[in-house]
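A short write-up of the structure that comes next.
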Amino acid sequence: MATEPETPVAASAAEPAVPSLVDRYFTRWYKADVKGKPCEDHCILQHSNRICVITLAGSHPVLQSGKVIKSISYQISTNCSRLQNKVSGKFKRGAQFLTELAPLCKIYCSDGEEYTISSCVRGRLMEVNENILHKPSLLQQKPSTEGYIAVVLPKFEESKSITEGLLTQKQYEEVVVKRINATTATS
């Protein structure tokens, strides 16, 4: 008895979805309403080797409202530029030390809005993503991969405690749902 070959749709529905590189190797942590600013959420991708990649969370206004990014600046103040961060050697000499609230960069949008992206974790700044300076659209198109903001290495003794005060994926989704319900209730 001959059987018909499966249609591509049926075959793909039967196969489990392959997790992305980020989902496979990183744990997602979230900081909601950074510095008390509503909806300015950041995502911290923590690797098993304790290194953290700072990105924008999906609910951040830059990603949500279809804003156009005019420019991005790692110049934090007149004396401090994250681009001047030069790390060398086994002990990561020269790395700038960051607190949870330390600014990493500023995003300027064409509508005049300005967003300051904070570290959200204590540690040494390993690198900043210079690619987003030349192509800001990466920040919106691929925020968890090519559009990351910076890489931070927490101190070894603090690597377990850096997630205190951060939200898990499930907790973060609950916060977003509460926001949506609150805005629809007031409408």
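The values are calculated or read from the model by the stated rules, or taken from the named source; none is laboratory data. None of these values were measured; they are calculated from a predicted model. Quick reminder, even Gly has a Cβ in these numbers, built from the backbone with ideal geometry, and neighbours come from all protein chains shown. The area values use the complete protein model at the heavy-atom level, side chains included, leaving out ligands, DNA and RNA. Shrake-Rupley method; radii C 1.70, N 1.55, O 1.52, S 1.80 Å.
Points worth noting:
- Mean residue ellipticity, 222 nm, helices only, the chain: the sum of -39500 (n - 2.57) across DSSP H runs of n ≥ 4, divided by residue count and rounded to 500, is -6000 deg cm²/dmol.
- Against the chain, whose longest principal axis is taken from its Cα atoms, helix 169-186 shows a tilt of about 90°.
- Area of E127 that stays accessible when all protein chains are in place (1.4 Å probe, Å², to 10): 80 Å²
- Accessible solvent surface per residue of the chain, calculated while the other protein chains remain in place, 1.4 angstrom probe, Å²: 60 Å²
- Anisotropy class assigned to the stretch 30-179 is oblate, per the alpha carbon gyration tensor with a/c at or over the 1.5 cut-off and a/b no larger than b/c.
- The trypsin sites (Lys or Arg not before Pro) of the stretch 73-119 that DSSP puts in a loop, and whose beta carbon has at most 12 other beta carbons within 10 Å, are K86, K90.
- Each peptide among 34-40, 116-122 gets the average number of other Cβ atoms lying within 10 Å of its residues, and from highest to lowest they stand as 116-122, 34-40.
- Positive minus negative residues near K178 (Lys, Arg vs Asp, Glu; Cβ under 14 Å): -2
- Near A57, the amide H atoms lying under 5 Å from its own belong to D41, H42, C43; only residues 5 or more places off or on other chains count, and H is placed 1.01 Å from N.
- In this simple spin-label model, placing a label point 7 Å from the Cα along the Cα-to-Cβ direction at both F97 and S71 gives a separation of 3.2 nm.
- Carbon + sulfur, % of accessible area of the stretch 39-187 - ligands and nucleic acids excluded, 1.4 Å: 52 percent
- Descending by average beta-carbon neighbour count within 10 Å, the peptides 68-75, 55-62 line up as 55-62, 68-75, the highest first.
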